[in-house]
Amino acid sequence: MRARYTYQPDYAVHPGETLREKLEELGMTPKEFAVRTGKPVKTISEILNGKSSITFEMAVLFEKVLKIPAGFWIKKQSNFNELVAREKHQKELEQAIDWAKLFPYPQMAKLDFVKATRKAEEKVEELLHFFNVSKPTAWENIYMNRQTPVFFRISLKHAKNPYALSALMRMGEIKANSIEAPDFNKVVLKSILPELKNIMSNKPSDYLQQIQKKCLLAGVKVIYTHNLPKTVIHGTVRWIIDKPVLQMTDRLKRYDIFWFSLFHEIGHILLHGNKKNIFLEEINNSENKDYKEKEADNFSAQWLLSDDEYEKIITTINSGAGIMETIQYYANEFKTHKDIIIGRILYRNKDLYKFGFLQKEIEKVDFDEARKRLNPKIKKKEKVK
């Protein structure tokens, strides 16, 4: 929860002005005051002219000479310093307005990650709170310059839109940090793969929640975030506080793509589970990315529908059998989902005249529906509307 402050000074004067008034009241010259406090005349002069601050040590000395508590001077100085700092911060906010415009703010607000507002400076403030940074240069050092490698181990400089992508990644991090998980167990993750495939083929109404529960047994946090404009991420894997986080988006909202991406990312965890790795589709993270992506693709493809199974299906279709009838038959036979078969056919065959109609047969992934099932209040609220 964001901290709310009860007091923010909007007016303060340098304590030197108060000191000058007190010295005039006592008929004491700055030189005499300097002698009585044991401080250089130059130091006292700079305080009186607002060019220097009253330190804790000076405040105690002033108390002895002026009979005014040291806390009075410290509070005066503190209020003035805070006001100066806030004025400086306000200027930085004004300068960061163009930076804030680079993010998909309306979509982020719609998802409740930032406050909905039309005020440019408020958007800057909200984004700084969202990314947990004090200024845009800090965001850049984290997401572009990799100056905090433990936090974020990849540079987004070569992303198509690093601003939207960093927001998507941060959304995932926030969700992941709210989930408790046991230590990662590779053996357990391997053992639940058949169960995950069974969930895929049967598609129960709560399949998204079942995926999360199964993977959590292996110490893998699965989170769902809506895709943001100008990002091309179906799924991503990274380690956050020594736990693998598998973040899925609803890009294209296709059931076959969702499952292929899920098993693809699980493949990365099992095959390339180095805690320093982060796998993002639109970034060439390392020299090994190409072969690792191919390995993860092959892992996913073979688990969901093997090459031999696909060849049997396409041979049957080419022999003149009904396309949808064949697909449904083999979906049951191979204990997969019809959309996995359809997706593979569309990927490998560009004959739209023959197979184009299959596009309409693919079921949709709806994260909002899953969220409503978890929170009945959302349903009731929408019914009132």
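Remarks
- Scanning the stretch 296-308 for residues that are surrounded by 17 or more Cβ atoms within 10 Å (Cβ to Cβ) and in a helix (DSSP H, G or I) yields a count of 6.
- Within the stretch 241-253, considering residues that are out of contact with any strand residue (DSSP E or B) (no Cβ under 7 Å at 6 or more places or on another chain) and buried (at least 18 other Cβ atoms within 10 Å of the Cβ), the one farthest from residue 193 (Cα to Cα): 251
- From the list 76, 51, the one residue that fits, being among the charged types (D, E, K, R) and more than 15 Å from residue 21 (Cα to Cα), is 51.
- Filter result for the condition that a residue is part of a helix (DSSP H, G or I), in contact (Cβ under 8 Å) with a residue 12 or more places away in the chain and either among the hydroxyl-bearing types (Ser, Thr, Tyr) or in the same structural domain as residue 220 (by TED's automatic domain parsing) (or both), over 155, 78, 166: 166
- In the stretch 63-81, the condition of being surrounded by 14 or more Cβ atoms within 10 Å (Cβ to Cβ), modelled with pLDDT of 95 or more and under 22 Å from residue 177 (Cβ atoms) is met by no residue.
- Selection status of residue 232, among the β-branched types (Val, Ile, Thr) and free of Cβ contacts under 8 Å to residues at least 60 places away in the same chain: no
- Residue 167 being among the small types (Gly, Ala, Ser) and more than 14 Å from the chain's Cα centre (by Cα): no
- Looking only at residues of the stretch 90-114 that are surrounded by fewer than 17 Cβ atoms within 10 Å (Cβ to Cβ), more than 24 Å from residue 172 (Cα to Cα) and of a type outside the set (D, E, K, R), we find that the one that is nearest to the chain's Cα centre (by Cα) is 97.
- Checklist (1) more than 27 Å from residue 305 (Cβ to Cβ); (2) surrounded by fewer than 20 Cβ atoms within 10 Å (Cβ to Cβ) applied to residue 204, failing item: (1)
- Some residue of the stretch 216-235 being small (Gly, Ala, Ser), surrounded by fewer than 21 Cβ atoms within 10 Å (Cβ to Cβ) and assigned to a helix (DSSP H, G or I): no
- Which numbered condition residue 218 fails, given (1) without any contact (Cβ under 8 Å) to a residue 40 or more places away in the chain; (2) in contact with a Lys or Arg (Cβ under 7 Å, 6 or more places away or on another chain); (3) of a type in the set (Gly, Ala, Ser): (2)
- Residue in the stretch 94-103 that is modelled with pLDDT under 95 and either part of a helix (DSSP H, G or I) or not assigned by TED's automatic domain parsing to the domain that holds residue 338 (or both) present: yes
- Subset tally (residues that are modelled with pLDDT of 80 or more and among the hydrophobic types (A, V, I, L, M, F, W, C)) for the stretch 147-161: 2
Here is a yes/no grid of residues against (1) surrounded by 16 or more Cβ atoms within 10 Å (Cβ to Cβ); (2) under 20 Å from residue 239 (Cβ atoms); (3) at pLDDT below 95; (4) in contact with a Gly (Cβ under 8 Å, 6 or more places away or on another chain):
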| position | (1), (2), (3), (4) |
| --- | --- |
| 274 | no, yes, yes, no |
| 290 | no, no, yes, no |
| 311 | no, no, no, no |
| 316 | yes, no, no, no |
| 323 | yes, no, no, no |
| 337 | yes, no, no, no |
| 341 | yes, no, no, no |
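- Looking across the stretch 1-20 at every residue that is exposed (fewer than 10 other Cβ atoms within 10 Å of the Cβ) and of a type in the set (D, E, K, R), the one that is modelled with the highest pLDDT is identified as 10.
- Among the residues listed as 343, 273, the single one being touching a residue at least 24 places away in the same chain (Cβ under 8 Å) and assigned to a loop (DSSP other than H, G, I, E, B): 273
The values are calculated or read from the model by the stated rules, or taken from the named source; none is laboratory data. Nothing here was measured: the structure is a model prediction, and the numbers come from that model. Cβ coordinates were reconstructed from backbone atoms using ideal geometry, including for glycine residues, and neighbour counts include every protein chain displayed.
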